[in-house]
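These notes are about the structure you will find just below.
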Amino acid sequence: QCIIHQIRNTTKFVSYKELKPLMADLKRVYAAPTEELALAELESFDEKWSGKYTKIAKSWKDNWANLSTYFKYPEAVRRLIYTTNAIEGFNRQLRKVTKSKTVFPSDESLLKMLYLAM
């Protein structure tokens, strides 16, 4: 999972009136410079919003093992891996090529077709 998809899953639980303040508090979590600060901000976020939106902080904590790998990279790289949409789009293009032809004479012919699609 990527940060963008986690944010999208988070916002579907929030009323429109409270979306901006909640997202401002949540931004402190995923924009933190280190993982330790991000966990501290997540605890602060949980204290402030858990009364009204219990599932949000729980979801972030449950997915923290995947989301925390984001903090192992420098800031310049984080901007590139902020979302997995580019990877998903690339996979969609490869599926589009292989979906129209379901039977390949050999594995080599499949690899050639995927190479040409890239």
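Remarks
- Highest-fluctuation residue, Thr11, Thr98, Thr34 considered, GNM on the chain with Cα pairs under 10 Å: Thr98
- Residue among Asp25, Asp46, Asp107 with the largest mean-square fluctuation in a Gaussian network model of the chain, springs linking Cα atoms under 10 Å: Asp107
- Listed residues Met113, Met118 arranged by accessible area, highest first, probe 1.4 Å: Met118, Met113
- Accessible area of the chain belonging to carbon and sulfur atoms, whole % at 1.4 Å probe: 59 percent
- The orientation-averaged projection of the convex hull spanning the C-alpha atoms of the chain amounts to 9.9 square nanometres.
- Label-point gap, in nm, between Leu116 and Ser44 - each point 7 angstrom along Cα→Cβ: 5.6 nm
- Candidate lysines for bridging to Lys17, where Cα separation is under 24 Å - those fewer than 8 sequence places away on the same chain excluded: Lys27, Lys48, Lys52, Lys55, Lys58
- When every Cα-Cα distance of the range 1-62 is counted in 5 angstrom steps from zero, the calculated P(r) takes the values 4, 19, 33, 30, 12, 3, 0 percent.
- When shorter helices are ignored and each DSSP H run of at least 4 residues is given -39500 (n - 2.57), the per-residue value for the chain at 222 nm works out to -21000 deg cm²/dmol.
- Note on Thr69 and Thr102: their simple-model spin labels are 3.3 nm apart, each label 7 Å out from Cα toward Cβ.
- Longest stretch of the chain clear of exposed loop sites (chymotrypsin sites (Phe, Trp or Tyr not before Pro), DSSP loop, at most 16 other Cβ atoms within 10 Å, sites excluded): 14-81.
- Charge sum, other residues only, whose C-beta stays under 15 Å from Leu26's C-beta, Lys/Arg counted +1 and Asp/Glu -1: +4
- Charge tally in the Cβ shell below 13 Å around Ser50, where Lys, Arg are +1 and Asp, Glu are -1, Ser50 excluded: +1
- Angle between the chain longest axis and helix 19-30 axis [Cα atoms, degrees, rounded to 10]: 70 degrees
- In the full protein context, the chain carries 71 Å² of accessible surface per residue, based on a 1.4 Å probe and ignoring ligands, DNA and RNA.
- For the range 65-118, the normalised intensity computed at q = 0.13, 0.23 Å⁻¹ comes to -0.51, -0.83 (log10 of I(q)/I(0), Debye sum over alpha carbons, equal scatterers, no solvent).
- GNM top mover of Leu42, Leu80, Leu26 - the chain, alpha-carbon springs below 10 Å: Leu80
The values are calculated or read from the model by the stated rules, or taken from the named source; none is laboratory data. Everything numeric in this text was worked out from a predicted model, so none of it was measured. Methodologically, a virtual Cβ is constructed for each residue, glycine included, from the backbone with ideal geometry; neighbour enumeration extends over all protein chains shown. In case anyone asks, the SASA skips ligands and DNA or RNA and just uses the protein heavy atoms, side chains included. Shrake-Rupley method; radii C 1.70, N 1.55, O 1.52, S 1.80 Å.
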